[in-house]
Number of protein chains: 2
Amino acid sequence: MSWILTNDIYDKKSNKHYEGAYSQGNGYLNIRASFDEDLSEASQNDTFWRLPANVTLEKQRHTLSKWGIYIPGIYGNHPILGEEIINLPYPLGINLFYEGERLDMNTSSFTEFNRQLNLKNGLLQRELNWVTEANNIKVKYTRYCSMATKNMIVQKIELTPQNNGEIIINSFTDSDVTTNGYNHFKEIDIDKECQSVFITTDTDQQIGIHTDLNIVNENVKDNKISIIKNRLNNDTVLQLTVYKKIVIEKRTYFATSIDIDYCGDIKKQLENKIIAYSYEEDLQSHNKIWEEKWNQSDVVVTGNEDVQTAVRFSIYHLLRSANDKDTVAIDAKAYAGEAYFGHYFWDTEVYLLPFFIYTQPEYAKKLIKYRYNTLKGAKSNAEHYGYRGAKYSWESCITGREQCSSWQYADFEVHVTADVIFGLIHYCKNTNDEEFLINEGLEMMIETARYWMERTYKKGDRYHIQGVMGPDEYLAFTNDNTFTNYMVRYTLQATLETVSLAKVKKSDVLSNLNITEDELNKIEDIVNNIVLLVDKDDSFIEQCGNFMEFEDIDIDKIWLDKKRPFGQFISQERNYRSKVLKQADVVALLYLFRKDFDNKMKKNCIDYYEPITTHDSSLSYIFHSLVYSDIDEQEKAYNMLEKSLGIDLTEKGAAEGIHIANCGGIWQALVMGFAGLTNCLESDELKITNKLPDEIDSLSYKIYFKDSWYDIYVDHNESRVTPL
Amino acid sequence: MSWILTNDIYDKKSNKHYEGAYSQGNGYLNIRASFDEDLSEASQNDTFWRLPANVTLEKQRHTLSKWGIYIPGIYGNHPILGEEIINLPYPLGINLFYEGERLDMNTSSFTEFNRQLNLKNGLLQRELNWVTEANNIKVKYTRYCSMATKNMIVQKIELTPQNNGEIIINSFTDSDVTTNGYNHFKEIDIDKECQSVFITTDTDQQIGIHTDLNIVNENVKDNKISIIKNRLNNDTVLQLTVYKKIVIEKRTYFATSIDIDYCGDIKKQLENKIIAYSYEEDLQSHNKIWEEKWNQSDVVVTGNEDVQTAVRFSIYHLLRSANDKDTVAIDAKAYAGEAYFGHYFWDTEVYLLPFFIYTQPEYAKKLIKYRYNTLKGAKSNAEHYGYRGAKYSWESCITGREQCSSWQYADFEVHVTADVIFGLIHYCKNTNDEEFLINEGLEMMIETARYWMERTYKKGDRYHIQGVMGPDEYLAFTNDNTFTNYMVRYTLQATLETVSLAKVKKSDVLSNLNITEDELNKIEDIVNNIVLLVDKDDSFIEQCGNFMEFEDIDIDKIWLDKKRPFGQFISQERNYRSKVLKQADVVALLYLFRKDFDNKMKKNCIDYYEPITTHDSSLSYIFHSLVYSDIDEQEKAYNMLEKSLGIDLTEKGAAEGIHIANCGGIWQALVMGFAGLTNCLESDELKITNKLPDEIDSLSYKIYFKDSWYDIYVDHNESRVTPL
């Protein structure tokens, strides 16, 4: 490769993975790469109760295929899972019937199967040679979500028969679909006349979908529109002529009541969206937009195809899932599946945001604005828990109110509130966006500081944060998690600095926020006296209070098959009281605050924690790779990165969506790790320290740093920074 | 009162409470005291997903009435709640139609309403004067679950009209019922011919129900059998003659595939159960059995009507809910409702068992046998958690496997496993049942000891139990909870003693259990070295390790309305990390091991813990009352008891069932507390220490102690023990 991902053996069992891995998107909508036609044994309207901890209760669903059409911002209310992304009606349906046989990937005979995703422009293609009793038909599908006409999906089907015959093209839009087993459609209105479907969700949002079928070069023998259950069918009978290619184009248009230009009437809105265009023209504009995106964001790797593929795959999904709205973010599965229900985690700020800050700053701003726009929800969280201020949700969705249904995360994994502010600071520093920092950011800072004032507990002179889960989710209920306390101190310090800045620049903002001197003194007192279990003499950081009292267990004895997660071999009960980590915790701290710790501290800590870390979370390896790079252990750094490269590629882990945090992590491992770029929190000057491992010949990429663009190049002989 | 509970104002809102409070049972089945007829606005077949933590998600259901017919041992599999008691079809239906109007307590006009439960024999009666447009009909209902014919419920309806007219008696059996919103009926087979209904549950158990209607003194004008949906109707038209009383008797028979005499065919089984009898004869036998039960178990209180009522109410429910089978126990709601899903908790051993041990030893044995019969489930729990041996379930049901769907209790509230053994020892000591102790009990002891061997953690020389919730459920995740560690040590010590006994008496049992010397040494090592945070110098017991580090909070400032539970005013997150207790924890220990601690220790501890205890659990006051009795603070002891007396009576708390643990507790507060009876674990000799508070003139009761019966009498002048 360098740009094309290819799958040329159709295997039922891995089909769902490819649907996720080859997902497409354009900043308005996202679609899974499921087939255009129906697939037998893969019903799409199962209803069941998906529970947050469903491992033992739930039978695996949708094992072969899962349609997925998502417009971020369109969400439903699930009685257990809370606000969740809605899987919209499937309008991409195109069944082919030849003499009574329907083309079905699970039952039909075919040869020369091949499907491809072009990362450069997000074009999805599938080719096969359909072998029927009396004919051989070459079928080629092409599909893209237009970057030029954002609410349009374009499909092209090309049919080349080896014999004459009659074929029926059954184009359909199916509204009989569920999201995580739940029906979020309050009303379904199918307009046969206009070939349109209108949905009202259980949150009273509206969506309109219209499809246009265009048989480019053939006369239609017959055409029939019908509605069967909630499926709108458009059946066209065509005559096949030996070796004559038939081209069918299908365009699907979406309109919603949350469109920024919404006119107040969903039917009218949809009408407005149906525009004249030419296929070639649209594709050209689409390609151009993709080209511009890549121009800013590409990372070129030489000497290592695996790394090149993985980083381009990662960047592709980051680019296609970044939304044009600032009322949504990028969910944990990058809108390529329904696991995690379309919720947003700390991933946003810690794993994804750096990529956008340094290559697509306008999208970085949208992600930060999303947090500002959900501040109200964060405030209602704090109130719910009995505190003033704002507590950002462990799992956030549209309103910002907590959507996590497993209380231990919702209640205790509080570091996210500090992580959000960390992200805000990171963005503002790089863009010099003081305007935003003072006008919107300061409010976020003050409200979260108010939360911390009550969530911390002063005992004697020292402040504690008790009852906390750090990034390591295998210790659920600890006191004074160092990552959390450190992050809180950092954000409170920055809050004080921003208050000082605002005093000079825009004091009216301060009075609007009603900040009192008492509050500022309290913040300062916390900054100065919060417990940090960092022992500079011994060069060691304790993950949390009494960490050493947790039970020592023989990890190898318990973990019988290291191909499966450690968590599958130990009960949660035992896990929660044992000295074993799910993921980077102190190690994450060592990366995020690289300049605060010396190499001895970093080495001591990673040497202690890594052997008791299971890396059961896909978020773990990357931070280890970054710290190993930092302390010049390139071999280990590469090994850790290597374990992350294949998660959604060779390991076929994309069935339920993309591990998008890992994608952001891979980018960081190369740019911040191997190319040793200092970030703008560490230094006002762009600096690189070449840490390239043997396995890679060179790295080059563009970077946006402190409001300027640079070309970076590193290989084993030189390191070059070229201002643009 | 002394025997009759009366309610003479019908109030919609409290109706559900009376259904629970006036529940009946006979050791085979239990029924809620819902009306014979349909009640408007009270549908019985709602389906919904009841979640374990449903406070915020679930709307209140069945607000006006909840039918409930339960045969312990008949259970279903609920996808979230696990094994749960099944609410069986309602066969008690009798609607009265007079000239088109149906008698309905929510819509009809009536006067002279009155309903009563006779605690002496479990007879439920209701009287009212039904005012229709053209008639006044005196209606009297009587109902009992026969103690003589165990699988029979008898109903009698007497009608006395003031005018002539025509009445329709609609007798029905309705299978359209759900349990906690879930349908557990896999098959419903309604036999119109035989007036029978056959149910197959989702666990493949079978139940047959047959009803017989007998119009005693009237000619039937017309009779019609019909099935509407899942309701079997039997409509009889009768002529009413002015002032002539009509008597209708209805008998309902049950048969199940778990009957001990089950013949293998449910239809035949049901046939066998339908026997000839006369109403008067059966009632006489029924009364006699109740008389015998009361003869052993009554507690006579003089000078305090409230205490007398409460203790008889408590004893009544203990007696009627104790089952004849040893494959079930008494669930947390005493089969008078569906809260807690028919599950069994530590209540059984700690709150209920003493009553049975000392007044109904054969039922005590059944409760212990239930634990023996579910040892297999306890073993599979241990295996599930990754340990050898047996771990009793926090919520147990039929198989003994864990049924608690809130993981923090299932995982961490491990003291139940020791409590079960404590109950076993208590029972065996009092009955001198060495046979049972060695043949069955030892296996329970050894298997639970094996669990503790792995669940404890040796650090240096000392054993810890980490990751534990004690009886106080407001601290979810602590180390070395003293109650738990103390109880574990006690049961391990008893295990070693029982092994020694078996060595002498029946060594083959030992070899069957494969006990090794290493295991015995390990048990001894734990007994000698388990951490107990009991400071004899300071006369203080710490609830758990680092208890003093939990956050001090201002309870009064948070708890704005003390009529509602404290837990409603604080988030679980904050609660779990604050120094505030739900219920007796150290105080429970001080009672259960009274003789181990001196008065100074008891006083110090209760003085420290009581002010930070919210008593949010109904299990809390009683143990406080008992410890106050013990340290001669009778006024406080009475005050604490007083708070428990009205839970299911004046406070109308029985809507979802009876707080049966509290019932057992009230008995203990009087017998063990005010009358100061030593239990057989404390002393081989029966001793009483008169601790009667001013509010009570005298107490008298029978007691079974170390295999002999005694009469006990205490008043403010004397204390008498009379062997029988």
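The values are calculated or read from the model by the stated rules, or taken from the named source; none is laboratory data. Remember, predicted model here, so these are calculated numbers, not experimental data. When we count neighbours, we look across all protein chains shown, and the Cβ atoms used for this are built from the backbone with ideal geometry, even at glycine. Surface areas here come from the heavy atoms of the whole protein model, side chains and all, with no ligands, DNA or RNA. Shrake-Rupley method; radii C 1.70, N 1.55, O 1.52, S 1.80 Å.
Relative contact order for the stretch B:298-723: what is it in percent, counting Cα pairs under 8 Å that are at least 6 residues apart? Please list the in-between numbers first.
Details: 776 pairs, mean separation 80.5, N = 426.
Once divided by the residue count of the stretch B:298-723, the mean separation gives 19 percent.
What does the structure give for A:386-398 when I average, per residue, the other chain Cβ atoms found within 10 Å of the residue Cβ? Don't skip to the answer; put the middle values down first.
Details: counts 8, 3, 0, 0, 0, 1, 0, 0, 0, 0, 0, 0, 0.
Per residue, the average neighbour count from other chains is 1.
Name the nearest-to-axis residue of chain B, judged by Cβ distance to the rotation axis taking chain B onto chain A, and quote that distance in whole Å.
Its Cβ sits closest to the axis: B:Phe477, 2.
Can you give me the Cα centroid spacing of the stretch B:703-720 and the stretch B:206-285 in angstrom?
After rounding, the separation between the Cα centres reads 46 Å.
Once each part is reduced to its C-alpha centroid, what is the distance from the stretch B:651-684 to the stretch A:128-205 in angstrom?
One Cα centre to the other: 69 Å.
Quick one: label points 7 angstrom along Cα→Cβ at B:Lys12, distances to the other copies in nm, smallest first?
Spacings between copies for this position, smallest first, are 5.7 nm.
Rounded to the nearest 20 Debye, what is the dipole magnitude of the stretch A:383-533 about its Cα centre when Lys and Arg each give +1 and Asp and Glu each give -1 at the C-beta?
Numbers: 14 positive and 24 negative charges, 56 e Å.
My answer is approximately 260 debye.
Take peptide B:574-583, look around each residue's Cβ out to 10 angstrom, count Cβ atoms belonging to other protein chains, and average those counts. Write out the running numbers ahead of the final one.
Values: counts 8, 3, 7, 11, 3, 0, 0, 0, 0, 0.
Neighbouring Cβ atoms belonging to other protein chains average 3 per residue here.
Please list 3J(HN,Hα) in residue order for the stretch A:452-462, calculated via the Karplus relation 6.51 cos²θ - 1.76 cosθ + 1.60 where θ = phi - 60°; whole Hz, with x for glycine and proline.
3J(HN,Hα) across the stretch A:452-462, in whole Hz: 4, 4, 9, 7, 7, 10, 8, 10, x, 8, 9.
Normalised by the residues of chain B, what does the relative contact order come to in percent, with Cα pairs under 8 Å and at least six apart?
Relative contact order for chain B comes out at 12 percent.
Between B:Ser109, B:Ile74, B:Ile228, whose Cα lies farthest towards the positive end of the dipole of chain B when Lys and Arg beta carbons carry +1 and Asp and Glu beta carbons carry -1, centred on the Cα centre?
Checked the options; the winner is B:Ile228.
Between rounded, prolate and oblate, where does the stretch B:360-399 land on the alpha carbon gyration tensor, with a ≥ b ≥ c its root eigenvalues, rounded for a/c under 1.5, else prolate if a/b exceeds b/c?
Working: a/c = 3.33, a/b = 2.66, b/c = 1.25.
Prolate is the answer for the stretch B:360-399, as a/c is 1.5 or above and a/b outweighs b/c.
Rg/Rh for the stretch A:298-723 to two decimals, with Rh computed the Kirkwood way over all alpha-carbon pairs. Don't skip to the answer; put the middle values down first.
Values: Rg = 20.6 Å, Rh = 21.8 Å.
Reported Rg/Rh (Cα atoms, Kirkwood Rh): 0.94.
Evaluate 2.2 N^0.38 Å with N set to the residue count of the stretch B:4-291, then give the Cα radius of gyration divided by it.
On the way: Rg = 18.7 Å, N = 288, 2.2 N^0.38 = 18.9 Å.
The value comes to 0.99.
What is the Cα convex hull volume of the stretch A:309-445 when expressed per residue in Å³? Intermediate values should be presented prior to the final figure.
Values: hull volume 13.7 nm³, N = 137.
Dividing the Cα hull volume of the stretch A:309-445 by its residue count gives 100 Å³.
Which of the aspartates and glutamates could a cross-linker span from B:Lys293 if the Cα-Cα distance has to be under 15 Å and same-chain partners fewer than 8 positions apart are dropped?
Straight-distance partners of B:Lys293: B:Asp324, B:Glu362.
Roll a 1.4 angstrom probe over the protein heavy atoms and tell me the percent of accessible area of chain A that is carbon or sulfur.
Values: 11480 of 25520 Å².
Of the solvent-accessible surface of chain A, carbon and sulfur hold 45 percent.
Mind pulling the angle between the C-alpha long axis of helix B:375-385 and the longest principal axis of chain B? Nearest 10 degrees, somewhere in 0 to 90.
60 degrees
Using Cα positions and a limit of under 15 Å, work out the aspartates and glutamates in reach of B:Lys506, with same-chain residues fewer than 8 apart set aside.
Straight-distance partners of B:Lys506: B:Asp433, B:Glu434, B:Glu435, B:Glu440, B:Glu443, B:Glu497.
Just to confirm the numbers: B:Glu187, label point 7 angstrom along the Cα-Cβ line, distances to the other copies in nm, shortest first?
Computed spacing set for this position: 4.5 nm.
Straight-line reach from A:Lys563: which aspartates and glutamates fall under 16 Å, measuring Cα to Cα and dropping same-chain residues less than 8 apart?
Straight-distance partners of A:Lys563: A:Asp616, A:Glu642, A:Asp648, A:Glu651.
Distances from B:Lys506 to the same residue in each other copy, label points 7 Å out along Cα→Cβ, in nm, shortest first?
So the distances to the same position in the other copies read 8.3 nm.
Taking a ≥ b ≥ c as the square roots of the Cα gyration tensor eigenvalues, with a/c under 1.5 meaning rounded and otherwise prolate when a/b beats b/c, else oblate, which class fits the stretch A:591-724?
Numbers: a/c = 1.70, a/b = 1.26, b/c = 1.35.
Judged from the Cα gyration tensor, the stretch A:591-724 comes out oblate (a/c at least 1.5, b/c at or above a/b).
Taking 27 Å as the cut-off for C-alpha to C-alpha distance, list the pairs among B:Lys333/B:Lys365; B:Lys391/B:Lys522; A:Lys365/A:Lys595; A:Lys333/A:Lys595 that go past it.
Numbers: B:Lys333/B:Lys365 20 Å; B:Lys391/B:Lys522 18 Å; A:Lys365/A:Lys595 25 Å; A:Lys333/A:Lys595 32 Å.
Those over the limit are A:Lys333/A:Lys595.
How large is the Kirkwood hydrodynamic radius of the protein assembly as shown, in angstrom, based on all distinct alpha carbon pairs? Could you put the intermediate results ahead of the total?
Details: mean 1/r = 0.0277 Å⁻¹.
Answer for the protein assembly as shown: a Kirkwood hydrodynamic radius of 36.1 Å.
Within 10 Å of each Cβ in B:42-52, how many Cβ atoms from other chains are there, averaged over the peptide?
Working: counts 0, 0, 0, 0, 0, 0, 1, 4, 0, 5, 0.
The mean count of partner-chain Cβ atoms within 10 Å per residue comes to 1.
Compute the normalised compactness of the stretch B:591-633: alpha-carbon radius of gyration over 2.2 N^0.38 Å, N being the residue count. Present the calculation step by step, with values, prior to reporting the outcome.
Working: Rg = 10.2 Å, N = 43, 2.2 N^0.38 = 9.2 Å.
Relative to the rule-of-thumb radius for its length, the stretch B:591-633 sits at 1.11.
For the stretch A:1-17 and the stretch A:84-120, write down the distance between their C-alpha centroids in whole Å.
A separation of 14 Å, based on Cα centres.
Can you check what the Kirkwood hydrodynamic radius comes to for chain A, Cα pairs only, in Å to one decimal?
On the way: mean 1/r = 0.0371 Å⁻¹.
Result for chain A, one decimal place: 27.0 Å.
Would the stretch A:133-246 count as rounded, prolate or oblate if I go by the C-alpha gyration tensor, calling it rounded below 1.5 in a/c and otherwise prolate when a/b exceeds b/c, oblate otherwise? Please list the in-between numbers first.
Working: a/c = 2.38, a/b = 1.97, b/c = 1.21.
Prolate, because a/c is 1.5 or more and a/b exceeds b/c.
Pop out a list of residues from the stretch B:531-551 that are at least 40 Å² less accessible with all the protein chains around than in their chain alone; 1.4 Å probe, no ligands or nucleic acids counted.
Relative to the lone chain, where solvent access is computed with a 1.4 Å probe, the stretch B:531-551 loses at least 40 Å² at B:Glu549, B:Glu551.
On a 0 to 90 degree scale, rounded to 10, what angle separates helix A:415-431 from the longest Cα axis of chain A?
The angle comes out near 80 degrees.
Checking a compactness column here: for the stretch A:379-519, what do you get for Rg(Cα) / (2.2 N^0.38 Å), N being the number of residues? Present the calculation step by step, with values, prior to reporting the outcome.
Working: Rg = 15.1 Å, N = 141, 2.2 N^0.38 = 14.4 Å.
In units of the 2.2 N^0.38 Å rule of thumb, it is 1.05.
Rounding to the nearest 20 debye, state how big the charge dipole of chain A is about its Cα centre with +1 on each Lys and Arg Cβ and -1 on each Asp and Glu Cβ. Write out the running numbers ahead of the final one.
On the way: 78 positive and 110 negative charges, 156 e Å.
Computed about the Cα centre, the dipole is about 760 debye.
Sequence gap at least 6, Cα distance under 8 Å: using those rules, report the relative contact order of the stretch B:4-291 to the nearest whole percent.
On the way: 662 pairs, mean separation 52.2, N = 288.
Dividing the mean separation by the residue count of the stretch B:4-291 yields 18 percent.
In Å², what does the accessible area per residue of chain B work out to with a 1.4 Å probe? Numbers along the way, then the final one.
Values: 25510 Å² over 724 residues.
Heavy-atom SASA per residue in chain B reads 35 Å².
Would you mind working out the magnitude of the charge dipole of the stretch A:190-314 relative to its Cα centre, with +1 at each Lys and Arg C-beta and -1 at each Asp and Glu C-beta, to the nearest 20 Debye?
The dipole magnitude comes to about 540 debye.
Using protein heavy atoms only (no ligands, DNA or RNA), what is the total accessible area buried between B and A, 1.4 Å probe, nearest 100 Å²?
Working: alone 27010 and 27020 Å², together 51030 Å².
For chain B against chain A, roughly 3000 Å² becomes buried.
Report, in degrees rounded to the nearest 10, the 0 to 90 angle that the Cα long axis of helix B:620-630 makes with the longest principal axis of chain B.
Between helix and principal axis, roughly 60 degrees.
Ignoring everything except DSSP H segments at least 4 long, calculate the 222 nm mean residue ellipticity for chain A; use -39,500 (n - 2.57) per segment, divide by total residues, nearest 500.
-9500 deg cm²/dmol
In chain B, if the dipole is taken from +1 on Lys/Arg beta carbons and -1 on Asp/Glu beta carbons about the Cα centre, which of B:Ser314, B:Gly460, B:Leu581 is farthest to the positive end?
Going by the Cα projections, it comes out as B:Ser314.
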